[in-house]
Amino acid sequence: MKKIVCLLIAIHLTILSVADSWIQKTDIPILPIGIRSSTGFAAGGKCYIATGGPIVSRGKDLWEYDPISDSWTQKADFAGAGRENACGFALGNKGYIGLGRTDDCCYTDDFWEYDPTANIWSQKAIFAGGARAGAFAFSIGSKGYIGGGSKNSSFKQDFWEYDPFTDSWTQKSNYGGGKVSYLAAFALNGKGYAGTGYDVNITFRNDFWEFNPDMDQWTQKAEFPGGIRYGTIGMSLKGFGYFGLGGTFDTLFADLWQYQPITDTWLKMAAFPGEATSVGLSVTMEDKAFVGTGGLSGNQWWQYVPDCITPTGLSTTNVKSTSAKVTWAVEPLAQTYSVRYRKSGTLQWTKTTAQLNFKKLTGLSPDTQYDWAVKSVCDAVNHVSSDWSATQNFITKPLRLQEEETPNTTIGIYPNPFSASATISFYLQQDSYISVELFDLAGTRRLEILVDEYLQAGDYSIPLNREQLAAGVYFLKIEMNEESSIMKVVTL
């Protein structure tokens, strides 16, 4: 989830990649003819693929993918019967799989929980909507959702919410697109999205719907511009949704489209470079998305790398004789930032890394003009970064015998990413007002106020408990002394 960009990575040590791209990863070690119509989820920093199978049999295999080592490990077989066209999602650090078809005549309604730590499957409450295959699924917060699908010629429209704490199902408002099967779905910014598929008349669809769990309401959104199809993959990554691949009975697609929820618009992205398929899957974890299986080989596995955007909103503050603070707007796709600076009129740049959207440059010469620029680093392992920003300038102040330092704060979070809880630590040089707030990825919804008070100088540690937070990316906004900064937080 190789293009010319990937080939260049093999030749050079570094690469600038502004456009989105795909990186081929280690194939799923299922031979000789791979896996199709499987399902998957992400939990605890790993991807999991289960069920599905080759053309004439339904499998029970469970495979774990480690994105750090780019390696696969076979885990405990799925505890239910082998099947295809099941559905799955993750809640916390556990995965859930259910439904599907065991052979040409038999559909299932069983539902199972997988604990990656113990490598154990546990049967949970039977899906209350009844047996089916080709249903869609996603998770929002602490709840999972399943809807649609079909059993023989009986197509479904019902939609259900699963609560893992009570191990129970609650029926919600029917899917807005009607009775549809083999459609795609994803969750994004606290809402669910589903679309495409086909109905009982084998009419392929490209309608697209948004589910609001607070209102228990479906709302139709802009149609998927890739055209009618079924077996589409759906995923969300860093504030955007994605639909792609899939097919009709005589055409397979390899396109990928990005959905922008704020504007309700679609944008065509880099096409999938692997084998086009309508029986593949996608798995999203933290800040990475993977697409694979299906096709002739059945074991393909690719990483999708979205656009890496050049930072904007550059400014310079706290300019002193030997230091200056440079800042820029947060780029959600960036893992870190690279900052370069030099004396104006010289050629050699000094480079440094920034974890947040600012950097204090030190060791500067007094009364001297400096140039600086910044770029986003979206994937350090695969050398994916944006272009450098336009060059900015500032002039340091003349040297003085004594220069008062501006009070500041040092802040960090550990561990990050985290699965259950983390600790936010900060140090105040003097008595100061400080505010620390947690926001969603879009930065539009405040989830929690962690600190909002005037504190004395000293060291502080406050807990950040995951509780109802879904796996994903969030932002901490820190304000002190009329200055603000942003820190990215990742939950597993």
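Considering the range 99-150 alone, what residues qualify as being in a strand (DSSP E or B) and surrounded by fewer than 18 Cβ atoms within 10 Å (Cβ to Cβ)?
115, 120, 122, 123
Any residue in the range 381-389 that is assigned to a strand (DSSP E or B), in contact with a Phe, Trp or Tyr (Cβ under 8 Å, 6 or more places away or on another chain) and of a type outside the set (D, E, K, R)?
no
Looking for something assigned by TED's automatic domain parsing to the domain that holds residue 232 and farther than 28 Å from residue 63 by Cβ - is there at least one such residue anywhere in the range 136-150?
no
Among (1) buried (at least 16 other Cβ atoms within 10 Å of the Cβ); (2) over 28 Å from residue 395 (Cα atoms), which single condition is residue 328 missing?
It is condition (2) that residue 328 fails.
When the range 215-257 is examined, which residues are found to be modelled with pLDDT under 95 and more than 22 Å from residue 293 (Cβ to Cβ)?
Those that are modelled with pLDDT under 95 and more than 22 Å from residue 293 (Cβ to Cβ): 238, 239, 240.
Among what's in the range 157-175 and is surrounded by fewer than 21 Cβ atoms within 10 Å (Cβ to Cβ) and not in a strand (DSSP E or B), pick the residue that is nearest to the chain's Cα centre (by Cα).
164
Kindly establish whether residue 364 is assigned to a loop (DSSP other than H, G, I, E, B) and crowded, with 17+ Cβ neighbours inside 10 Å.
yes
List every residue pair whose Cβ atoms sit under 6 Å apart, with the two residues 6 or more apart in sequence or on different chains, where the first one lies in the range 153-174 and is in the same structural domain as residue 193 (by TED's automatic domain parsing) and the second, anywhere, is of a type in the set (Ser, Thr, Tyr) and in a strand (DSSP E or B).
Sorted first by the residue in the range 153-174, then by its partner, the pairs are 155/181; 161/145; 161/170; 169/162.
The values are calculated or read from the model by the stated rules, or taken from the named source; none is laboratory data. For clarity, every value in this text was computed on a predicted model and none was experimentally measured. Virtual Cβ from ideal backbone geometry, glycine too; neighbours counted across all protein chains shown.
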